[in-house]
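**Student:** Handing you a structure now.
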Amino acid sequence: MDAGERLLRLHREPNRGDLVHFLSGTEAGGDEALFDFADRVRREHVGDAIQLRAIVEFSSFCRNDCLYCGLRRSNRDLQRLRMPPGEIVVQCRRAAALGFRTVVLQSGEDPFFNREAIVDLVGRVKAETGLAVTLAVGEKSEDEYRAFFTAGADRYLLKHETSDRGLYESLDPGLSHERRIDCLRALKRIGFQTGSGIMVGLPGQTLESIADDILLFRDLDIDMIGCGPFIPHPATPLADAAPGSENLTYRVVALARIVTRDTHIPATTALAVMVGDSGRANALCRGANVVMPNITPQPWRQAYEIYPNKGRTEVFDPALLEQLRRTAAELGRFIAEDAGQRSKRAGSGDARRPY
Ligand code: SAH
């Protein structure tokens, strides 16, 4: 069977065997056929618009101890910082002024930001900016998720990291894989546009488990899928592990697009940090349709060092938006004007209605 036939079969009937085949990259010309097919599926299902989301990283305090992450609580080298809520609102206003329609509020699992603090924050951001609000603040109870939704949060990101339960539980001590998946199901039940994702190239991760990750995105009806390479952090137990591969990351992006079709898939920051700007452009031609510029100012930016060099740029430079516009034009694409709700959920008329 040639690559073209296999891709058609995979598109029609996603299956582990074909996923592993393309993840392995062993077929001559297989990558080219895969990337080209993914780009066509992207165009057919989400069009040529590139969605922009501004990220604000508001706290690097974390109660968890994940072996891969620079924010793990055992990392005593990191100076922890927490933005005061008033400052978070200022940053969201800045995002709106820069032309973003949606903001992602991300943090470690910081007990200071309890139910009341998040509800309060979401209410203020919605009232003052009208932006679509995405939260990425970790595992909470269904009750808390519901309170965030009622307060006006639109979307929630919680990556399942890997579908390999044993690997997940060995890398995230104290966390349960089942609970993680339960959180994703709860978020979907409540009505959030729900994001998940994985790290590509975790030590001990198999291609079979990555195939299962992609099938899981589909089975959970995940709306947003963030897949970036694992990047070892020197102050973690995985300091000496090999980083994830750039090409394998593109294959995951492409296959996630082919299997899930109309989801939002970012060209991740981890890819851009590891490879440079070409990583972003490549991902956008291989299935991705979202870019998430990090607008966190210093000193909070350098405190949020999940992996090395993440906080390296001094400040967000609005010239990046111009550059993204140029990149988009070079790729025959354009920057979206709407908030980028997944259309299947919003109903056809709503999809392009700004928030
Ligand atoms: N507490 C929030 C935010 C976590 S940080 C939450 O649970 O969602 C966001 C993501 O960074 C994680 O989900 C993980 O996929 C990624 N990440 C952490 N350490 C990393 C590393 N060393 N290399 C690449 N990505 C990493």
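**Student:** Mind putting a number on the dipole of region 198-253 about its Cα centre? Charges go on the C-beta only, +1 for Lys and Arg and -1 for Asp and Glu, and I need it in Debye to the nearest 20. Walk me through the intermediate numbers first.
**Tutor:** Numbers: 2 positive and 8 negative charges, 35 e Å.
Dipole size: approximately 160 debye.
**Student:** Share of antiparallel DSSP beta bridges in the chain, in percent to the nearest 5? Please list the in-between numbers first.
**Tutor:** Working: 1 of 31 bridges.
Rounded to the nearest five, the antiparallel share is 5 percent.
**Student:** At most 10 other C-beta atoms within 10 Å and a DSSP loop state: those are the exposed trypsin sites (Lys or Arg not before Pro) I care about. Give me the longest piece of the chain that has none. Walk me through the intermediate numbers first.
**Tutor:** On the way: sites that count: 76, 312.
Between exposed loop sites, the widest span is 77-311.
**Student:** If amide H atoms are built 1.01 Å from N in the plane of the peptide, which residues on other chains or at least 5 residues away come under 5 Å of the amide H of residue 160?
**Tutor:** Under 5 Å from the amide H of residue 160 lie the amide H atoms of 197, each far enough along the sequence or on another chain.
**Student:** Between region 99-115 and region 253-294, how many Å separate their Cα centres?
**Tutor:** The two parts, judged by their Cα centres, are 22 Å apart.
**Student:** Which value in deg cm²/dmol, rounded to the nearest 500, describes the helix-derived mean residue ellipticity at 222 nm for the chain, given -39,500 (n - 2.57) per DSSP H run of n ≥ 4 and division by the residue count?
**Tutor:** Working: 15 runs with 157 residues, N = 355.
Result for the chain: -13000 deg cm²/dmol, rounded to the nearest 500.
**Student:** Here is a further query. Which one, 206, 98, 216, projects farthest toward the positive side of the charge dipole computed for the chain from Cβ point charges (K/R +1, D/E -1)?
**Tutor:** About the Cα centre, the residue reaching furthest to the positive side is 98.
**Student:** Based on the alpha carbon coordinates of region 33-187, what radius of gyration and maximum Cα-Cα distance (Dmax) apply, in Å?
**Tutor:** Considering region 33-187 through its Cα atoms, Rg and Dmax are 17.3, 50 Å.
**Student:** At 20 °C and a viscosity of 1.002 mPa s, what translational diffusion coefficient does Stokes-Einstein give for region 87-142, taking Rh as the Kirkwood radius over Cα pairs? Give it in µm²/s as a whole number. Can you show the working numbers first?
**Tutor:** Details: Rh = 11.7 Å.
So the translational diffusion coefficient is about 183 µm²/s.
**Student:** For a footprinting-style exposure proxy, rank 41, 90 by other Cβ within 10 Å, fewest first. It would help to have the intermediate numbers written out before the result.
**Tutor:** Numbers: 41 19, 90 15.
Lowest count first: 90, 41.
**Student:** I would also like to ask the following. List the cysteines of the chain that have no other Cys Cβ closer than 4.7 Å: which are they?
**Tutor:** Lacking a cysteine Cβ partner under 4.7 Å: 62, 92, 183, 227, 285.
**Student:** Along the charge dipole of the chain, pointing to its positive end and built from +1/-1 on Cβ of Lys, Arg, Asp and Glu, which listed residue (285, 228, 123) has its Cα farthest out?
**Tutor:** The listed residue farthest towards the positive side: 123.
**Student:** Take the Cα gyration tensor of region 1-63, multiply each eigenvalue by 5, square-root it, and list the three semi-axes largest first, rounded to whole angstrom.
**Tutor:** On the way: eigenvalues 204, 64, 25 Å².
Ellipsoid semi-axes (Å, largest first): 32, 18, 11.
**Student:** Lysine pairs, Cα distance under 16 Å, 8 or more residues apart or cross-chain: how many in the chain? Before the final figure, lay out each step's value.
**Tutor:** Values: 140/159; 140/188; 159/188; 188/344.
Close lysine pairs found across the chain: 4.
**Student:** To the nearest 20 debye, what charge dipole does the chain have about its Cα centre, counting +1 at the Cβ of each Lys and Arg and -1 at the Cβ of each Asp and Glu? Could the numbers behind the result be given before it?
**Tutor:** Values: 47 positive and 49 negative charges, 183 e Å.
With Lys and Arg at +1 and Asp and Glu at -1, about 880 debye.
**Student:** Still on this structure, I have one more. Given Cβ point charges of +1 (Lys, Arg) and -1 (Asp, Glu) and nothing else, what value in debye, to the nearest 20, does the dipole of region 99-210 about its Cα centre take?
**Tutor:** Numbers: 14 positive and 17 negative charges, 95 e Å.
The calculated dipole for region 99-210 is roughly 460 debye.
**Student:** From the P(r) of the chain, could you give the percentage of C-alpha pairs in the tail past 30 Å? Display every interim value, and only then the final one.
**Tutor:** Working: 19958 of 62835 pairs.
In whole percent, the long-distance tail amounts to 32.
**Student:** Please list, ordered by chain and number, the residues whose modelled amide H lies under 5 Å from the amide H of residue 51; skip anything fewer than 5 residues away on the same chain.
**Tutor:** Hits under the 5 Å cutoff: 290, 291, 336.
**Student:** Can you give me the C-alpha center-to-center distance between region 17-71 and region 177-235, rounded to a whole angstrom?
**Tutor:** Each part reduced to its Cα centre gives a spacing of 11 Å.
**Student:** Per q in 0.15, 0.17, 0.21, 0.23 1/Å, what log10 I(q)/I(0) does a Debye calculation on the alpha-carbon atoms of region 39-130 return?
**Tutor:** At q = 0.15, 0.17, 0.21, 0.23 Å⁻¹ the computed log10 ratios are -0.71, -0.82, -0.99, -1.08.
**Student:** Next question, about the same structure. Can you give the Rg and Dmax of region 103-218 based on its C-alpha atoms, in angstrom?
**Tutor:** 15.0, 46
**Student:** Can I ask one more? Amide H neighbours of residue 73 under 5 Å, at least 5 residues apart or on other chains, H built in the peptide plane: list them.
**Tutor:** 64, 65, 66
**Student:** Could you work out the relative contact order of the chain? I mean the mean sequence separation of Cα pairs under 8 Å and 6+ apart, divided by the number of residues, in percent. Provide the component values of the computation, followed by the final result.
**Tutor:** Working: 666 pairs, mean separation 81.0, N = 355.
After rounding, I find 23 percent.
Read-outs throughout are calculated quantities, based only on the coordinates presented, and are distinct from any laboratory measurement. These numbers were taken from a predicted model, which means no experiment stands behind them. Don't worry about glycine lacking a Cβ; one is built from the backbone with ideal geometry, like all the others, and counts go over all protein chains shown.
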